[in-house]
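Before any comments, here is the structure.
We did not get these values from a lab; they are worked out from the coordinates using the rules stated. Since the structure is predicted, the reported quantities are computational estimates derived from the model, not experimental observations. Here Cβ is always computed from backbone atoms with ideal geometry, including for glycine, and neighbour counts include all displayed protein chains.
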Amino acid sequence: MKLAEALQERADLSARISILENRLMNNALVQEGEKPAEAPEELIAELDRCSEEMERLITAINLTNSSTVSDGMTVTELIAKKDVLNRKLSIYRHFLMTASQTAQRATRSEIKILSTVNVREYQQKADGLAKRLRILENRIQQINWTTELIEK
């Protein structure tokens, strides 16, 4: 199994576990004399199976990411770099959205609101960050589709 396939399976399992949680909550209580729509014991058994499979997948994915090296960096390091770059870009975009706002004045005596930075210059920096992030994400995806999953 390729790493990318394991990642997709992990996402599917995560969604399945969330659905099981909702189903369990919906069947936790019933009116006296009624039966639940689904047997909680069966749902818990399915939750246990899904949880065990999730643990196996996460372990294999983490082992693979920490063992797979591309251009001198492990996939784990590349993911950390991607996550930090993504967060930084998000902050830049939010900052630029705020810095780009203009306040309308009805009269000359009202306080004038000005940006504290050159928005165009910082927009170019944000565009550069977005490009770096896109290239990094593509690199990680390529690795994911060419790397075999390491399983214990």
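What single numbered condition from (1) in a helix (DSSP H, G or I); (2) loosely packed, with under 12 Cβ neighbours inside 10 Å fails to hold for E53?
(2)
Which of the residues that make up the stretch 68-89 are in a helix (DSSP H, G or I) and either of a type in the set (F, W, Y) or without any contact (Cβ under 8 Å) to a residue 40 or more places away in the chain (or both)? Spell out how you get there, then give the answer.
Here is the first cut: in the stretch 68-89, the ones in a helix (DSSP H, G or I) are 75-89.
Once the filter is applied, which keeps residues that are in a helix (DSSP H, G or I) and either of a type in the set (F, W, Y) or without any contact (Cβ under 8 Å) to a residue 40 or more places away in the chain (or both), the stretch 68-89 yields T76, E77, A80, D83, V84, R87.
Mind listing whichever residues of the stretch 90-139 are small (G, A, S) and not in a helix (DSSP H, G or I)?
Answer for the stretch 90-139, where residues must be small (G, A, S) and not in a helix (DSSP H, G or I): S100, A103, A106, S109, S115.
Got a sec? Which of A28, A45 is surrounded by fewer than 16 Cβ atoms within 10 Å (Cβ to Cβ), assigned to a loop (DSSP other than H, G, I, E, B), on the phi < 0 side of the Ramachandran plot and not polar (S, T, N, Q)? Break it down into steps so the answer makes sense when it comes.
On the way: A45 fails: assigned to a loop (DSSP other than H, G, I, E, B).
The unique qualifying residue is A28.
Need the failing condition index for A15 against (1) surrounded by 11 or more Cβ atoms within 10 Å (Cβ to Cβ); (2) assigned to a helix (DSSP H, G or I), just the number.
Of the numbered conditions (1) surrounded by 11 or more Cβ atoms within 10 Å (Cβ to Cβ); (2) assigned to a helix (DSSP H, G or I), the odd one out for A15 is (1).
Condition test on S14, is it among the hydroxyl-bearing types (S, T, Y), touching a helix residue (DSSP H, G or I) at 6+ places or on another chain (Cβ under 9 Å), under 30 Å from E151 (Cβ atoms) and touching a residue at least 40 places away in the same chain (Cβ under 8 Å)?
Yes: the conditions hold for S14.
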